[in-house]
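K.L.:
The structure that follows is given in the form of structure tokens.
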Amino acid sequence: MILKSANFSVIFLLIVSLALLFACVSGPHLYLQYGDEYQELNLDKILADNPLPAGENIKVVNLGRSQSASQHIVQIRDREVPHMHNVHDATVTMLTGQGYLILGKNRINLKAGDVVHIPRAAPHYYVNTASEPTVVLAVYSPAFDGKDIHAVNLP
């Protein structure tokens, strides 16, 4: 009887310890280096410091840039306007949420963890199908200055 009680206590302590450990783990981290400057960024902190205001559809947070690329956290409440980038390629990693991307004539269903490459001059837009805003990491090459966005007509 004492052995059963001891086993139960060990198992209970292990479960409680694991629960506390996982409760302390924060969201994904981003590790970026520009020249000699190294950054470790926490996604939860980025989102807390840069909330998507009620009534706004899209918010972009610039994380950093080099001559060849730039990284951005993008929050999308509803959808993007159809557009293209003439001189920038984009690689997008879905961090939270789900929806679909219209890329040219293709519809691509996306969820957290998916990665999509959008080549320059490719008409595209994203539609969020979740109740919460979608959050993505967008990497542009060359570094994006926010000006290379050109509206297009898509069906």
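K.L.:
Of the residues in segment 94-109, how many are under 12 Å from the mean Cα position of the chain (by Cα) and either over 24 Å from residue 142 (Cβ atoms) or at pLDDT below 95 (or both)?
P.N.:
Matching residues across segment 94-109 total 3.
K.L.:
May I pose another question? Considering only strands (runs of 3 or more DSSP E) fully contained in segment 18-93, which possess at least 3 residues that are at pLDDT below 95 and surrounded by fewer than 16 Cβ atoms within 10 Å (Cβ to Cβ)?
P.N.:
Qualifying strands (runs of 3 or more DSSP E): 29-34, 37-42.
K.L.:
Scan segment 105-155 residue by residue and report those that are assigned to a strand (DSSP E or B), touching a residue at least 12 places away in the same chain (Cβ under 8 Å) and β-branched (Val, Ile, Thr). Steps first, please.
P.N.:
Filtering segment 105-155 for residues assigned to a strand (DSSP E or B) gives 106-111, 115-118, 124-128, 134-141, 150-151.
Then keep just the ones that are touching a residue at least 12 places away in the same chain (Cβ under 8 Å); that gives 110-111, 115-118, 124-128, 134-141, 150-151.
Matches in segment 105-155: 115, 116, 118, 127, 134, 135, 136, 139.
K.L.:
Now, a different point. What are the residues in segment 87-109 that are among the small types (Gly, Ala, Ser), in contact with a Pro (Cβ under 7 Å, 6 or more places away or on another chain) and more than 16 Å from residue 129 (Cα to Cα), if any?
P.N.:
Passing the criteria: only 104.
K.L.:
Residue under question is residue 113, and the condition is that it be over 24 Å from residue 27 (Cα atoms), surrounded by fewer than 16 Cβ atoms within 10 Å (Cβ to Cβ) and in contact with a strand residue (DSSP E or B) (Cβ under 8 Å, 6 or more places away or on another chain); does it hold?
P.N.:
Considered against the rule, which asks whether it is over 24 Å from residue 27 (Cα atoms), surrounded by fewer than 16 Cβ atoms within 10 Å (Cβ to Cβ) and in contact with a strand residue (DSSP E or B) (Cβ under 8 Å, 6 or more places away or on another chain), residue 113 comes out as no.
The values are calculated or read from the model by the stated rules, or taken from the named source; none is laboratory data. Being a predicted model, the structure only gives us computed values, none of them experimental. For neighbour counting, all protein chains shown are included, and Cβ atoms are generated from backbone atoms with ideal geometry for every residue, glycine included.
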